[in-house]
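Read through the structure below, which is laid out as structure tokens, and then see the notes.
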Amino acid sequence: MKKFTRRSLLLGTGASVGVAVSRYLSNEDIPHGRWFPSPEDTPSKLVLNDASLLNPTKVAKHLVVNDDPGEKLVTALRSELNEARAARRPFVASAARHSMGAQSLAEGGSAVTLDQNWLEPDTASGTYRVAAGMRWNQVIAQLDKIGFSPKVMQSNNDFGVASTFSVNAHGWPVPWSAFGSTVRSLRLMQADGEMVTCSRSENADLFAMTMGGYGLTGVITDLDVEMERNARLTPTYEIMPAKSFGIKLVAALKDDPKIQMAYGRLDVTIDGFFDEALMITYTPSADQQELPPASGSGFLSKAAGHVFRRQVGSDRVKGLRWYVEKHIGPRVAPEAVTRNSLINEPVATLDDGDPKRTDILHEYFVSPYRFAGFIEACQDVIPSSYQQLLNITLRYVDTDKDSVLAYAGEPRIAAVMLFSQEMSVRGEHDMARMTQALIDRTLELDGSYYLPYRLHATDAQFQRAYSRAPEFVSRKRALDPGLVFRNALWDRYMAKL
Ligand SMILES: Cc1cc2nc3c(=O)[nH]c(=O)nc-3n(C[C@H](O)[C@H](O)[C@H](O)COP(=O)(O)OP(=O)(O)OC[C@H]3O[C@@H](n4cnc5c(N)ncnc54)[C@H](O)[C@@H]3O)c2cc1C
């Protein structure tokens with residue numbers, strides 16, 4: 001039996017003493033088993049992967065499409081779709097492929113990457129028409145020039161707009177629900193190659209299925225999306241017990257309707273695991289003259305990224321980071337920053353550069369009033385795993401009134417966790433076990449979990465979190481009897497329903 005020193009304790013991810021035995025073992029005590037192949041091991045233009053790096057998938061064909069929405073694009077997509085249907089292979093549309101469970105991939109399928117740069121704003125109606133594969137950094141760049149900003153998007157800017165709708169992503173602009181709530185209409189190519197327009201008043205059923213429907217209803221070609229005026233925003237910081245975060249955030253949003261952006265962070269050190277929270281809210285500054293162009297994160301964030309990476313296996317660095325975030329950040333952060341600069345953050349700032357580890361995200365949604373129970377669940381489950389939790393960000397998501405596969409049937413606190421996982425069999429098994437335990441505890445709180453990440457949930461957990469899945473599946477089968485639109489999410493959970 002290994003002798004436990006303070007150092008070996010710190011090498012694990014444990015929180016407070018005496019919760020679980022496994023935390024006292026260093027991960028080195030367990031054989032790592034096979035290392036997962038990296039993309040370098042499988043060099044082929046037809047082997048695609050997603051952001052997990054754990055899903056190398058051999059496709060039959062990969063096509064990158066750059067055409068603006070219009071007849072040329074429709075003809076190109078239709079021809080690919082017809083070919084896939086005739087060959088009885090799956091057809092998957094994607095953009096940045098930052099999902100993590102092969103939701104954007106299908107073995108032996110036709111993979112189409114949409115990568116376009118086309119946007120037409122309509123300032124009178126406060127909307128813009130945008131190509132499905134446009135990335136958010138390009139959207140921000142264009143809207144910034146005319147004084148506007150995306151209303152809701154993810155916290156990073158690399159993703160595609162139609163993908164954002166297809167996973168119904170959310171971000172930290174408040175008080176909105178997920179991105180789908182800001183989409184007025186879209187055009188979709190269905191399984192037979194026909195184009196349809198969907199909105200809340202036209203083909204409303206299809207609109208509700210496509211929002212958060214992971215590309216299983218068809219290929220989106222373009223969308224009509226609401227925008228918000230860009231603004232200079234001033235932050236306010238508040239430290240509080242983590243368990244009170246949900247109620248405090250809801251109260252802050254109720255008390256001050258001027259709040260435009262809000263998020264929270266938690267202490268992830270061993271001794272203070274999820275004890276303390278930092279809440280940051282942004283309201284419009286008094287001075288709204290001459291907004292500077294959207295900048296992105298700059299030096300501070302890149303320097304923070306360096307410290308961020310050194311947290312793996314080091315509780316000392318986790319403690320340092322929390323200290324900086326709590327005490328130094330509020331002092332050195334700019335007094336005001338534009339909304340567009342805040343959301344203009346590339347994923348690359350988080351890049352780990354370690355070929356034996358990969359970043360895996362998790363996300364859970366619970367009512368603000370049950371958030372304290374969620375904190376307890378995380379304190380019970382996460383420290384006793386071998387996973388390295390590097391970050392947790394908390395957001396507010398209002399009720400999703402539209403999508404069939406909704407994860408926020410009521411206002412929810414979204415807890416986004418970023419783990420660094422060893423790319424080995426033991427890392428994968430431990431991650432699956434921990435994920436299932438966290439989902440169980442979240443379901444007990446009437447919460448749910450997010451679908452674009454690893455497919456570790458059990459069938460029963462999926463069906464409990466997404467209770468309308470059987471209805472989604474039977475309507476999908478009617479729309480797409482040949483099942484041309486399918487991916488790993490379909491194969492794993494829905495094909496058997
Ligand atoms: C670092 C990081 C940070 C993240 N932050 C957030 C966050 O703040 N909030 C949040 O909610 N999520 C977040 N996510 C999850 C992210 O929103 C999803 O993984 C999203 O799908 C990524 O967009 P993508 O362009 O990479 O999508 P892809 O992985 O390319 O596609 C996702 C799904 O959309 C479908 N799809 C794509 N294009 C089309 C189309 N034209 N027509 C029909 N279906 C289509 C695909 O088939 C697939 O099922 C984050 C992920 C990462 C890796």
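The values are calculated or read from the model by the stated rules, or taken from the named source; none is laboratory data. These numbers were taken from a predicted model, which means no experiment stands behind them. When we count neighbours, we look across all protein chains shown, and the Cβ atoms used for this are built from the backbone with ideal geometry, even at glycine.
Among the numbered criteria (1) part of a helix (DSSP H, G or I); (2) over 30 Å from P383 (Cβ atoms); (3) of a type in the set (K, R); (4) modelled with pLDDT under 95, which single criterion is violated by R7?
Condition not satisfied by R7: (2).
Please pick out the residue among A141, A102, A124 that is closer than 21 Å to V347 by Cβ and surrounded by fewer than 19 Cβ atoms within 10 Å (Cβ to Cβ). Write out each step before concluding.
Numbers: A102 fails: surrounded by fewer than 19 Cβ atoms within 10 Å (Cβ to Cβ); A124 fails: closer than 21 Å to V347 by Cβ.
Testing whether each residue is closer than 21 Å to V347 by Cβ and surrounded by fewer than 19 Cβ atoms within 10 Å (Cβ to Cβ) leaves just A141.
When you go through (1) in a strand (DSSP E or B); (2) over 24 Å from the mean Cα position of the chain (by Cα) one by one for K72, which number turns out not to apply?
(1) is the only condition that K72 fails.
Quick one: would you say L291 is away from the ligand (no atom under 16 Å from the Cβ) and either at pLDDT below 95 or assigned to a helix (DSSP H, G or I) (or both)?
When the stated conditions are applied, L291 does not pass them.
If you check A84 against the conditions, is it of a type in the set (G, A, S), at pLDDT 95 or above, within 15 Å of the ligand (Cβ to nearest atom) and assigned to a strand (DSSP E or B)?
Working: of a type in the set (G, A, S): yes; at pLDDT 95 or above: yes; within 15 Å of the ligand (Cβ to nearest atom): yes; assigned to a strand (DSSP E or B): no.
Here the answer is no, as A84 does not meet what is asked.
Scan segment 108-134 for residues that are within 15 Å of the ligand (Cβ to nearest atom) and closer than 29 Å to V47 by Cβ and report the count.
Result for segment 108-134: 13.
Please indicate, with yes or no, whether at least one residue in segment 128-138 is surrounded by fewer than 24 Cβ atoms within 10 Å (Cβ to Cβ), under 17 Å from the mean Cα position of the chain (by Cα), in a strand (DSSP E or B) and not hydroxyl-bearing (S, T, Y).
Yes, that holds for at least one residue.
For residues that are at pLDDT 85 or above and either among the polar types (S, T, N, Q) or in contact with a Cys (Cβ under 6 Å, 6 or more places away or on another chain) (or both), tally how many sit in segment 342-358.
2
Quick check, is R89 within 30 Å of R184 (Cα to Cα), surrounded by fewer than 20 Cβ atoms within 10 Å (Cβ to Cβ) and touching an Asp or Glu at 6+ places or on another chain (Cβ under 9 Å)?
On the way: within 30 Å of R184 (Cα to Cα): no; surrounded by fewer than 20 Cβ atoms within 10 Å (Cβ to Cβ): yes; touching an Asp or Glu at 6+ places or on another chain (Cβ under 9 Å): yes.
So R89 does not fit the description; no.
Select from segment 262-283 the residues that are of a type in the set (V, I, T) and part of a loop (DSSP other than H, G, I, E, B) and write down the one among them that is nearest to the chain's Cα centre (by Cα). Spell out how you get there, then give the answer.
Applying the first criterion (of a type in the set (V, I, T)) to segment 262-283 yields 268-270, 280-281, 283.
Narrowing the set further to residues that are part of a loop (DSSP other than H, G, I, E, B) leaves 268-270.
Details: V268: 20, T269: 24, I270: 26 Å.
Top of the filtered list is V268.
What tally of residues in segment 396-432 results from selecting those that are touching a Ser or Thr at 6+ places or on another chain (Cβ under 7 Å) and within 14 Å of the ligand (Cβ to nearest atom)?
Counting residues in segment 396-432 that are touching a Ser or Thr at 6+ places or on another chain (Cβ under 7 Å) and within 14 Å of the ligand (Cβ to nearest atom) gives 8.
So which of R477, R433 ends up being of a type in the set (K, R), in a helix (DSSP H, G or I), at pLDDT 95 or above and not assigned by TED's automatic domain parsing to the domain that holds L266? Lay out the reasoning, then the answer.
Details: R433 fails: not assigned by TED's automatic domain parsing to the domain that holds L266.
Step by step, each of R477, R433 is checked, and only R477 is of a type in the set (K, R), in a helix (DSSP H, G or I), at pLDDT 95 or above and not assigned by TED's automatic domain parsing to the domain that holds L266.
Note down all Cβ pairs under 7 Å where the first residue falls in segment 206-227 and is at positive phi, the second is within 7 Å of the ligand (Cβ to nearest atom) and in a strand (DSSP E or B), and they're at least six residues apart or on different chains.
Within 7 Å, the pairs are G215/V92; G215/A93.
Of all strands (runs of 3 or more DSSP E) completely enclosed by segment 178-251, which ones contain at least 1 residues that are within 11 Å of the ligand (Cβ to nearest atom) and crowded, with 18+ Cβ neighbours inside 10 Å? Lay out the reasoning, then the answer.
On the way: elements: 183-189, 195-199, 219-229, 232-241.
Answer list for segment 178-251: 183-189, 219-229.
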